[in-house]
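Nothing in this text is a laboratory measurement; each read-out follows from the coordinates by a stated rule. Remember, it's a predicted structure, so these values are computed and weren't measured experimentally. Cβ atoms come from the backbone with ideal geometry, glycine included; neighbour counts cover every protein chain shown.
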Amino acid sequence: MDVTSDPAERLAVAREAATAGGERALQDFRGDVAVETKSGPTDYVTEADRAAQRTVVETIRDSFPDDPIVGEEDETPNSVPESGPAWVIDPIDGTANYVRGMHCWTTAVAAVEDGEPVAAVIAAPALGDLYAAGEDGATRNGDRISVASRSDPQEAAVCPTLWWSRDRREEFGAVADAVVRSFGDCRRIGSAQYELALVADGALDATIANVFASPWDTIAGAHVVRQAGGRVTDVEGERWRHDARGIVASSGEIHDEALEATQAGDGARQ
């Protein structure tokens with residue numbers, strides 16, 4: 001990997017940008033903010049998303065004015081460059097939670113080099129948490145974190161993440177059923193980045209999906225999980241990349257079982 005700048009510098013900028021964007025989003029949280037829908041009745045976007053994205057972009061541009069920035073809102077590109085440096089951002093991951101006044105939403109910023117993350121920060125300002133990872137481990141609020149050591153699936157909590165489109169709900173049902181049958185607990189929190197952070201922090205044992213994910217929904221969290229000692233693959237069990245189908249992020253202890261539950265969705269495909 002041809003790292004064109006110090007990853008520690010990029011981590012510092014990612015932290016600054018995620019913090020600033022999260023604080024901007026927090027200003028409108030539980031306020032009178034305009035809400036629109038995109039691809040479906042629960043696929044929300046708000047003016048707070050756009051304002052937070054502008055804040056994140058401006059913060060990154062102050063230090064790296066020429067780097068491409070991939071983001072969910074407005075006019076930013078939506079694909080990750082395979083060469084050189086870039087940034088992948090999500091101003092509010094978990095907008096459905098945000099518009100309902102629920103605290104589990106995040107602002108995520110990842111720095112990538114040649115398509116691979118080298119630094120990532122996930123800010124959860126309504127919860128007072130900041131997850132960060134460079135190239136030597138992961139932290140929450142500055143304290144080192146690591147994935148869970150539970151090896152008994154019946155003690156594990158697994159989260160079907162992302163969301164399946166309405167014409168693929170049977171796949172989601174099959175995955176959820178497999179989780180309920182195979183593991184001790186099934187959770188769904190509504191923010192993919194926060195769910196990944198919880199895997200890194202040892203609170204969840206895995207988070208899974210068999211659908212393609214947008215890079216801004218996953219790349220920061222996948223990096224944090226790996227730096228916390230976890231394992232991240234696609235639905236076939238191959239090393240996960242931003243363009244992979246599906247994501248299985250786990251502590252590593254119950255990864256095979258989590259992978260099997262994820263693949264149950266493919267069996268239900270119409």
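Points to keep in mind about this one:
- Annotation for residue 102 and residue 78: the two label points, set 7 Å from Cα along the Cα-Cβ direction, are 2.4 nm apart.
- Among 180, 13, 147, the largest mean-square fluctuation in a Gaussian network model of the chain (Cα springs under 10 Å) belongs to 180.
- The Cβ shell under 10 Å around residue 215 holds other residues with a net charge of -3, Lys and Arg each +1, Asp and Glu each -1.
- The phi torsions of the range 206-216, fed into the Karplus equation with coefficients 6.51, -1.76 and 1.60 and a -60° offset, translate into couplings of 6, 9, 9, 6, 9, 9, 5, 10, 5, x, 5 Hz, rounded to whole numbers, with Gly and Pro shown as x.
- Net length gained if the chain between residue 37 and residue 256 were fully extended (0.36 nm per residue, minus Cα distance): 75.2 nm
- Förster-model FRET efficiency, 25 Å R0, residue 127 and residue 181, C-beta, rounded to 0.05: 0.20
- Residue of 203, 48, 34 that the Gaussian network model of the chain assigns the largest fluctuation, springs spanning Cα pairs under 10 Å: 34
- Fluctuation leader among 113, 16, 238 - the chain, Gaussian network, Cα springs under 10 angstrom: 238
- Whole-Å distance, taken between Cα centres, linking the range 134-202 and the range 212-263: 10 Å
- Helices in the chain, meaning DSSP H runs of at least 4 residues, each add -39500 (n - 2.57). Divided by all residues, the mean residue ellipticity at 222 nm is -11000 deg cm²/dmol.
- Electrostatic dipole magnitude of the chain [Cβ: Lys, Arg +1; Asp, Glu -1; Cα centre; debye, to 20]: 720 debye
- Taking amide H atoms as placed 1.01 Å from N in the peptide plane, the amide H of residue 118 lies under 5 Å from those of 111, 112, 113, each 5 or more residues away in sequence or on another chain.
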